[in-house]
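To start, the structure itself, in structure tokens.
The values are calculated or read from the model by the stated rules, or taken from the named source; none is laboratory data. Bear in mind the structure is a predicted one, so any value in this text is a computation, not a measurement. With ideal geometry, Cβ positions are generated from the backbone for all residues, glycine too; neighbour counts draw on all protein chains shown.
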């Protein structure tokens, strides 16, 4: 197979970028998309040119590093599966057999003001880390935990929390959203902890702080396109966004500030 | 103050405001349509309904101002959100594609602005009577009540309501004839149909979206929530568009 | 040099308790005066960093990934062991200890393994408290499944993403400490050297991968939690970024590297499809709970699996190991697969594959049951192979997965360089010659949450904080060496990518030092590796000037280290004249093809110390002391 690639090349964070054309020849249909790029890069290196920079690590769809917008779709165009659902996958789980021989492919980085480009297809997603730092945790110091079975968790709650917790933090939701909104990511995190009994004590502060940080990072607003849901490689549901919306409203009725007058004695 | 400002200014707060004002506007659209549909019950039904509305200025103006406020908030917030959303992606994609987002959801700004323009036109047309309709009775689509014990209303097209002494006669607006004569002009009907198409698209997304925003969606009711917007849109489009159609077909004269 | 394991005296079950009491403590007010550098943010690194910060130490973390959450622990699928005995099936701390020691083919340190089993129960509690959504029974209690090498159900899991959930738990604890200002996180920062001042590890030299800047960080202790070295084989189930650089640089600064030849080949991976392939994907061992492994009885049988009748199938694991069957430990299952494929009975393109068949389980329990339990693994398989595993059996083949070897550490997890602690897969301590499934996550978290917070305090209590700065000559020299090496890489200006060399090295390692090794093959590898290394420094091409983000430069640096490290691995494999666990020497096997240990001569930890460029490393032996367990022939029949 052969392909014509149009790739966003940008030498650094403040450099001007442009789409550049490359030919990928001798592509095996069983190659993954990233393996195809590896081959293109090896040829570039052989010619002494800078290879195309892209984030990747585990190459099995779990680390959340990779992310290329291929022909306008984060992680690449999706097939519709036999059961009517849109296939869920990451860029590294995209295979060349999913494209047609001779096709033109447009490769662009995640586009969002909150995800500035570092180089070529690599973007800075540290905004997600800062959102997590704002409240995406349960304050449980090492050592003091009660027995794992001390608090029973209904299976359906645990499963639901797991559905949300599966988020790999790749940022495809932001890249897909026409508004570059991070609602699906934040909602997944808020819901994961908010559903579990262990997450209840900090539930109100968590949602408020994480939403605040999300706004501060400059992500867009959610207008319920649900494009994020379709692009999510882990099929995180829109229902978690509704859940977060509900939680945030509820949190406004709670006392969020704690007062402490010290405890010397 | 911070207590209120912070949540309202957050992205979610703005979205709640959009959803609540949207819901109120949906309520208005439905109420308005119900009133419109009275036309099928004949001139007296719709005219007495209009008359009843107008005969309580306090209520009418409260409702009008409230509605205006809701409308303005909805429009201004909508524009603000749209601008913020554009700013959140300073560099657009060279190759743009969509997986799931409906055309309606992606063009709420467009459909919303067309509806805004239509609302202005509609007010000018029917409420203010600025828009010229028929040749013979330009601004005047009136009706005079003749007091003869029994209250009956007789159309009196040659008379202008404003020329009558309100102390002598109890007059009411002949909404029925205003509507009929308006919609007898083909381009007026077409413009209303177009407007309803845009309103339908707006509702198609907005009718479900507000529930999602207010957190009223859940795994259990997802399929119902998803249907509400489209059902609402179809209802409003069919209901309102049927009136010009009925007039054009001569079913209402 | 004498390596002292510092295992505390006393009965096995009381060692850790007693040691915890005897260790010195650092006053809470003094803790914040100590700076701890943690390299690597996987399970071991993130849990250690968070726990130490909770105690009050100043912590800085470093990872080459763009976020601490992406460390490769995230890819662990199956589960985490703990001796909770929730299933009432006879589990206990001692049984977990014994299974792990036996699974490791009696090549691990008793005391370390016992401690691991002991704290395993606390790990589960800690993770539950952090919000890790472990699988539950309908009644709300924690669920378990069984794993290779054990006859009890003690594995806790989160669908097929246990590593992800545990790492997110540790990462969230880390996030909390970052927000509190107790941890400073440096993502996209790669450690390129260890700085030793006055015989003590005092800092690291790093390259900021975004700017290309080389700089140093000073600390009172350095914790390496940088994972294993599987990618020395190029194709492995590890992430592309996994590398030996941090531990190898520490080795070159004097830290001993222990048992590098103990590499684990995981039996259930998706077979190689072509020479462009960049990595292999693991299918969780948990699949062996319900899947049955088989090959056709006749060599060269090309029929599709559904055309092969039951009577012509060889369920070779069930046949050879009736009591453990498909749940035989990894090394044994891997070798058995190699054996049937060598006999020409392998399936799929190239004949390097065996079937993992779920049709029985689907018939017995229904497709929904299988989908609920393994859905994401089946999807993953379908994605990669374009086949439907619900309809046709999966094809699997062993692949490099984990490395038991690592930097030598004592009972306190400190290397022979004072102040250098090594955690998780990066150290050698707990798995001996073979790791049992679901034990890697256990070890990483045990080290980070429950071991190093105590033992590090004990070390720091003996030394005053600070006293060294980045301007010290040792730091300047290390920085200079790092910069020179980067410049040297950029100056080669050849036209072969580092990937090419890496792939070549991988072929040598897999063919000559893979699932089966011999003196002949190892000598061949030891002749080929230096040639390849020399060719690398002549022909490798690294475009650019080293400024800014440069994936090609990062890769070249890592491959250069692999090219040196591979030799150490082969030297160790050649010296160990026995077969044990993941190290299978063809010369040393029983008549029926099982590994033959030589306890009389090799019951020791082989710790190698760097002696300088082009000089063979020196071997130090730490004898394994058997106080409780008596090494026996490891049988799973």
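So the values come out like this:
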| read-out | value |
| --- | --- |
| Conditions (1) within 7 Å of another protein chain (Cβ to nearest Cβ); (2) assigned to a helix (DSSP H, G or I); number of the one not met by residue A:159 | (1) |
| Qualifying position, being assigned to a strand (DSSP E or B) and more than 7 Å from every other protein chain (Cβ to nearest Cβ), among A:7, A:27, A:40 | A:7 |
| Region A:217-228 - residue that is touching a residue at least 24 places away in the same chain (Cβ under 8 Å) and either within 7 Å of chain B (Cβ to nearest Cβ) or touching a strand residue (DSSP E or B) at 6+ places or on another chain (Cβ under 7 Å) (or both) and, of those, surrounded by the fewest Cβ atoms within 10 Å (Cβ to Cβ) | A:218 |
| Helices (runs of 4 or more DSSP H) wholly inside region B:1-62 containing at least 3 residues that are modelled with pLDDT of 95 or more, away from chain A (no Cβ under 14 Å) and within 30 Å of residue B:77 (Cα to Cα) | B:11-37 |
| Extreme residue, farthest from the other protein chains (Cβ to nearest Cβ), among residues of region A:115-156 that are in contact (Cβ under 8 Å) with a residue 12 or more places away in the chain, outside any helix (DSSP H, G or I) and closer than 21 Å to residue A:244 by Cβ | A:115 |
| Helices (runs of 4 or more DSSP H) within region C:1-78 that include 3 or more residues touching a residue at least 60 places away in the same chain (Cβ under 8 Å) and closer than 26 Å to residue C:607 by Cβ | C:15-22, C:43-55 |
| Residue match in region C:439-455 (condition: in contact (Cβ under 8 Å) with a residue 24 or more places away in the chain, away from chain A (no Cβ under 14 Å) and at positive phi) | no |
| All positions within region C:103-138 that are within 14 Å of chain A (Cβ to nearest Cβ), assigned to a loop (DSSP other than H, G, I, E, B) and touching a residue at least 40 places away in the same chain (Cβ under 8 Å) | C:131 |
| Options C:453, C:418; residue that is part of a loop (DSSP other than H, G, I, E, B) and surrounded by fewer than 24 Cβ atoms within 10 Å (Cβ to Cβ) | C:418 |
| Condition broken by residue C:370, with the remaining ones in (1) farther than 24 Å from residue C:335 by Cα; (2) surrounded by fewer than 24 Cβ atoms within 10 Å (Cβ to Cβ); (3) out of contact with any helix residue (DSSP H, G or I) (no Cβ under 7 Å at 6 or more places or on another chain) satisfied | (3) |
| Residue list for region A:169-185, filter: closer than 16 Å to residue A:245 by Cβ and more than 10 Å from the chain's Cα centre (by Cα) | A:177, A:179, A:181, A:183 |
| Lone unmet requirement of (1) crowded, with 24+ Cβ neighbours inside 10 Å; (2) facing chain A (nearest Cβ under 8 Å); (3) in contact with a strand residue (DSSP E or B) (Cβ under 7 Å, 6 or more places away or on another chain) for residue C:142 | (1) |
| Residue in region A:83-90 that is over 21 Å from the mean Cα position of the chain (by Cα) and surrounded by fewer than 19 Cβ atoms within 10 Å (Cβ to Cβ) present | yes |
| Residue that is farthest from the chain's Cα centre (by Cα), among those in region A:186-204 that are within 13 Å of chain B (Cβ to nearest Cβ) and either surrounded by fewer than 21 Cβ atoms within 10 Å (Cβ to Cβ) or farther than 27 Å from residue A:66 by Cα (or both) | A:204 |
| Conditions (1) facing another protein chain (nearest Cβ under 7 Å); (2) in a strand (DSSP E or B); (3) within 22 Å of the chain's Cα centre (by Cα): number failed by residue A:19 | (3) |
| So residue C:222, is it crowded, with 24+ Cβ neighbours inside 10 Å, away from chain A (no Cβ under 12 Å), out of contact with any helix residue (DSSP H, G or I) (no Cβ under 8 Å at 6 or more places or on another chain) and modelled with pLDDT of 95 or more | yes |
| Residue check for residue B:73: modelled with pLDDT of 95 or more, out of contact with any strand residue (DSSP E or B) (no Cβ under 9 Å at 6 or more places or on another chain) and either in a helix (DSSP H, G or I) or under 26 Å from residue B:194 (Cβ atoms) (or both) | yes |
| Residues located in region C:569-592, provided they are assigned to a strand (DSSP E or B) and either touching a residue at least 12 places away in the same chain (Cβ under 8 Å) or in contact with a strand residue (DSSP E or B) (Cβ under 6 Å, 6 or more places away or on another chain) (or both) | C:580, C:583, C:585 |
| Filtered residues of region C:300-325 (kept if in contact (Cβ under 8 Å) with a residue 24 or more places away in the chain, surrounded by 13 or more Cβ atoms within 10 Å (Cβ to Cβ) and out of contact with any strand residue (DSSP E or B) (no Cβ under 8 Å at 6 or more places or on another chain)) | C:301, C:320, C:321, C:324 |
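Each row is one residue, and each column tells you yes or no for (1) at positive phi; (2) modelled with pLDDT of 95 or more.
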{"position": "C:339", "(1), (2)": "no, no"}
{"position": "C:355", "(1), (2)": "no, yes"}
{"position": "C:366", "(1), (2)": "yes, no"}
{"position": "C:374", "(1), (2)": "no, no"}
{"position": "C:382", "(1), (2)": "no, no"}
{"position": "C:392", "(1), (2)": "no, no"}
{"position": "C:402", "(1), (2)": "no, yes"}
{"position": "C:427", "(1), (2)": "no, yes"}
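Per-residue answers, yes or no, for (1) at the interface with chain A (Cβ under 10 Å from one of its Cβ atoms); (2) at pLDDT 95 or above:
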{"residue": "C:161", "(1), (2)": "yes, no"}
{"residue": "C:169", "(1), (2)": "yes, yes"}
{"residue": "C:172", "(1), (2)": "yes, yes"}
{"residue": "C:175", "(1), (2)": "yes, yes"}
{"residue": "C:178", "(1), (2)": "yes, yes"}
{"residue": "C:181", "(1), (2)": "no, yes"}
{"residue": "C:186", "(1), (2)": "no, yes"}
{"residue": "C:191", "(1), (2)": "no, yes"}
{"residue": "C:195", "(1), (2)": "no, yes"}
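One line per residue, one yes/no per condition, for (1) part of a loop (DSSP other than H, G, I, E, B); (2) more than 14 Å from every other protein chain (Cβ to nearest Cβ):
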position	(1), (2)
C:301	yes, yes
C:306	no, yes
C:326	no, yes
C:333	no, yes
C:337	no, yes
C:375	no, no
C:378	no, no
